[in-house]
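A quick write-up on the structure given underneath.
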Amino acid sequence: QLHYSVPEDREPGFSVGDLAKDLGVEVRSLAARNLRLVSEGGQRHFQVDLAAGVLLLDSRLDREALCGQSPTCSLHLQLVMENPLQLHRVEVDVLDVNDNAPQFPKPEVVLEITEVANPGTRLPLEVAEDPDMGSNSISTYELSPSKHFALSINVRGDGVKMPEIVLEKALDREKVPVHHLTLTALDGGNPVKSGTAKVTIHVLDANDNPPVCDPPISKVLLEENVPVGTLVTKLNVTDLDEGPNGDVEYSFKTSNNAPGKFTKLFSLDARTGEIRTQAPLDYEESNAYEIAVRARDKGSPAMEGHCHLRVELIDINDNSPEIVLTSVSSPVQEDAAPGTVIALIGVKDSDSGDNGQVRLQIAKELPFKLVSSFKEHFSLVTSGPLDREKASGYNITVRAVDSGSPQRATQKTFYLRIADVNDNAPNFSSPFDTAHVQENSLPGTSVFSLSASDPDEGSNAKLSYSILDNGMQDVPISTYFRIDQDNGTIYTVRALDYEQDKVFQVPVEVKDAGSPALSSTAVVHIFVLDENDNAPNIVYPSVPKGSAFHQAIPALAEPGYLVTKIVAVDADSGHNAWLSYQLQESAEALPFQVERRSGEIRVAQALRESEDSHRLVVEVRDNGTPSLSASVVIVISPEENSMQDFSKSLDLPQSSPEDTNLTLYLIISLVSISLV
């Protein structure tokens, strides 16, 4: 038996074996012996080349067609030779050639796997087919790279390799709902041939994704006082699941089942996630709101996500500044130094930013200014000297203006009283005053009232009067006058005598009750007015009281003859000192007369001879009211050969400088009285 092998797919005429050599016969004898082939299967695949003595292919061999999946494929032939007749069996093994690529039953495989499948889950695949055998059959499988899947190959008992896809990493349908893989089957031939199949793996949804806010924390700027119903925002929530698992409902999230304050101000559409205002918003009440929203799907079990929204309000200048007087030092001393703090003023504005920036203002003409102590606090201090006598107080208006647009302003007025300081001395209306008082006035007689003023107030303006002793009189002035310390009225202490003191200089001091006390002085000239309290005094002739003055005259004295002259003086002055002379009426007519003004006694008519002596009573009377008088008795005796030098006999007192001064004082008094 001869045994040959031939690869499949060789062209016809391919030499399979050298029959002549293998049979041990010569080539040229093969024809003579009538060598021929007899095929057992009835199919002719080979032929004999008698000239060359070789076995040739008659047709192309296909091992897979001849033998199928049999591990061996042999064709059996019989060789018949005659002369002698011999029968040889020839077995030709058809060797497999890798002429077939692996092939999957379906070019595309669709698989399904739930997204919550655990790693290690296996998905069986159909086995690829390769008609080739042996090493040319399927050697292995390969899977395209994947983060989630790997290929596992198991070998059955018959040696067939079974591919499986193994889940290595958890799936997320929301990220990759479909995975596209390529499975490749490789044979062991040389060159290697392969076949591929597309593997589509659908990830089945599971409610494994909660609703997600994008962004999870957001911020919205919203002006305060927007109309109710204004859209604040629409929540952007996604749920990667499908169907009910991705259908989201919205609700406010509150803590401890206590509704938050924002639930009264905002409304939430449970279906669309729109948040709108449902009440007026006030920046000053709260400048921001934290809103928590729960987004819940309808899966089973349901999953939820949370959105956090911060609504920040934009301030609108809807609040006027507020002025707070923290402290006011009223009254303030008028001698307060510049920079003395008068008041502490606080200011606040519920608005923010420029709307809450506040400036304080006061009138420029006031002697005060504002100094910033620290934020929103100011000090009102003096900026110049204060004078209570010019302004006893100030109405200070503080105006606060913010920097918003439009600006809002407010103002507050308070009264600041200026406290008096004893900075002004009392002041008389005149530094010199003139007063008159009648002599012999009763003690306690009001002479003059001085008036002084002090622009200060209170004790600083409480005045007291006193008389200063200037030493101008021999006797202290206080023995003549006193003054009411409260009202400044000057009173006499004793009766005054014009003839002793005609004028007084009374220095008066007025002093306030301040500390230290201030004072000023004035001089009151008090003129004593004469009173007719002195009767005329007959100087000549000087005779003792009750006696008479005897005067001799010539018996033949003619009318006009100067008999004598009565000289009298009056200590009073003015009208009270104007003297008049007259004869008292007598029972008989007297031949004499007295000059009314000069006091000269003259012969009025011729004397008779042997006429007796004449007794004259001459009365000297002043011009006062009531009038006072004095009288002298003169006995005139006519005598013959009596001759008298009257000018020599008349002994009149000589005037002295003191009398001249007295006359001057009298003139001054008369002029003063006339002026009054």
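The values are calculated or read from the model by the stated rules, or taken from the named source; none is laboratory data. Bear in mind the structure is a predicted one, so any value in this text is a computation, not a measurement. Cβ: placed from backbone, ideal geometry, glycine included. Neighbour counts: every protein chain shown. Surface accessibility is based on the protein's heavy atoms, side chains included, excluding ligands, DNA and RNA. Shrake-Rupley method; radii C 1.70, N 1.55, O 1.52, S 1.80 Å.
Neighbours of residue 141 by Cβ distance under 12 Å: Lys/Arg scored +1, Asp/Glu scored -1, total -4.
In the stretch 285-372, inverting the average of 1/r over every pair of distinct C-alpha atoms gives 18.2 Å as the Kirkwood radius. Normalising the Debye intensity of the stretch 4-95 to I(0), with uniform scatterers on Cα atoms only, and taking log10 at q = 0.11, 0.19, 0.23 Å⁻¹ returns -0.30, -0.84, -1.16. Annotation for residue 548 and residue 430: the two label points, set 7 Å from Cα along the Cα-Cβ direction, are 5.8 nm apart. At the residue level, residue 60 shows approximately 130 square angstrom of accessible surface with a 1.4 angstrom probe and all protein chains present. The label point for residue 152 and the one for residue 66, both projected 7 Å from the Cα toward the Cβ, are 4.2 nm apart.
Of the residues 620, 485, 13, the one whose Cα sits farthest towards the positive end of the charge dipole of the chain is 13 (charges of +1 on Lys and Arg Cβ, -1 on Asp and Glu Cβ, taken about the Cα centre). Taking each residue as 0.36 nm, the span from residue 308 to residue 663 lengthens on full extension beyond its C-alpha to C-alpha distance by 115.9 nm. Projecting the Cα atoms of 587, 56, 347 onto the charge dipole of the chain, computed from C-beta unit charges around the Cα centre, puts 56 farthest toward the positive end.
Only the Cβ atoms of Lys and Arg (+1) and of Asp and Glu (-1) were treated as charged; on that basis the dipole of the chain about its Cα centre amounts to roughly 2220 debye. Count the net charge of all other residues whose Cβ sits under 11 Å from the Cβ of residue 67, scoring Lys and Arg as +1 and Asp and Glu as -1. After counting each charged neighbour, the total is -4.
Each of 226, 300, 281 was scored by the projection of its Cα onto the charge dipole of the stretch 212-314, and the greatest displacement toward the positive side belongs to 300; charges sit on the C-beta of Lys, Arg, Asp and Glu.
Take residue 667: with every protein chain present and a 1.4 Å probe, its accessible area is about 90 Å².
Sorting 341, 603 by accessible area puts them as 341, 603; the probe is 1.4 Å, largest comes first, and only protein heavy atoms count.
Just the protein heavy atoms count here, and of the accessible area of the stretch 180-318 at 1.4 Å, carbon and sulfur take up 50 percent.
Counting protein heavy atoms only, the stretch 4-95 has 49 percent of its accessible area on carbon and sulfur, 1.4 angstrom probe. Lys-Lys pairs in the stretch 108-204 that are eight or more residues apart or on separate chains and whose Cα atoms lie under 26 Å of each other come to 9. Using the Cβ-Cβ distance between residue 359 and residue 423 with R0 set to 30 Å, the FRET efficiency from 1/(1 + (r/R0)^6) comes to roughly 0.25. Each listed q (0.12, 0.13, 0.17, 0.22 Å⁻¹) maps to a log10 I(q)/I(0) for the stretch 362-495, found by the Debye formula over equal Cα scatterers with no solvent: -0.68, -0.74, -0.99, -1.31. For the chain, the longest principal axis of the Cα atoms and the long axis of helix 657-675 meet at an angle of about 60 degrees. The alpha-carbon atoms of the stretch 212-314 define a convex hull whose volume equals 85 cubic angstrom per residue. The charge dipole of the stretch 4-95, taken about the Cα centre with unit charges on the Cβ atoms of Lys, Arg (+1) and Asp, Glu (-1), comes to about 280 debye, rounded to the nearest 20. Listed by chain and number, the aspartates and glutamates whose alpha-carbon sits under 12 Å from that of residue 234, ignoring those within fewer than 8 places in the same chain, are 214, 269, 274. Of the cross-linked pairs 219/261; 261/412; 253/298; 219/253, those separated by over 29 Å at the C-alpha level are 261/412. Evaluate the Debye formula for the stretch 499-638 with equal point scatterers sitting on the alpha carbons, no solvent, and hand back log10 of I(q)/I(0) at q = 0.18 Å⁻¹, in q order, two decimals. Calculated log10 I(q)/I(0) at the listed q: -0.99. Basic side chains Lys and Arg get +1 at the Cβ, acidic Asp and Glu get -1 at the Cβ, and with that the dipole of the stretch 199-272 about its Cα centre reaches some 500 debye.
Solvent exposure of the stretch 427-529 amounts to 48 Å² per residue of accessible area, where only protein heavy atoms count and the probe is 1.4 Å.
Compared with the alpha-carbon gap, the fully stretched path from residue 411 to residue 226 is longer by 63.7 nm at 0.36 nm per residue. Per residue of the chain, the DSSP helices (runs of n ≥ 4 H) give a summed -39500 (n - 2.57) that works out to -1500 deg cm²/dmol at 222 nm. Couplings for the stretch 124-140, taken from phi via the Karplus curve 6.51 cos²θ - 1.76 cosθ + 1.60 with θ = phi - 60°, read x, 10, 6, 7, 6, 10, 9, x, 5, 10, x, 5, 7, 7, 5, 9, 7 Hz in order; Gly and Pro are left as x. For a straight C-alpha distance cut-off of 20 angstrom, the aspartates and glutamates reachable from residue 565 (same-chain residues fewer than eight places away being disregarded) are 585, 595, 600, 619, 622, 639, 645, 651.
Taking a sphere under 15 Å around the Cβ of residue 119 and counting the other residues whose Cβ falls inside, with K and R at +1 and D and E at -1, yields a net charge of -2. In units of the rule-of-thumb radius 2.2 N^0.38 Å, the chain shows an alpha carbon radius of gyration of 3.05. Cross-link candidates for residue 511: which lysines have Cα within less than 25 Å, leaving aside residues fewer than 8 places away along the same chain? Straight-distance partners of residue 511: 390, 462. In summary, the stretch 255-335 shows an alpha-carbon radius of gyration equal to 1.95 times the 2.2 N^0.38 Å reference for compact globular proteins. Translational diffusion coefficient, Stokes-Einstein: compute it for the stretch 322-419 using the Kirkwood radius over C-alpha pairs as Rh, at 4 °C and 1.567 mPa s, and state it as an integer in µm² s⁻¹. After rounding, the answer is 93 µm²/s. Computed from the Cβ-Cβ distance with R0 of 25 Å, the FRET efficiency linking residue 31 to residue 89 stands at 0.70.
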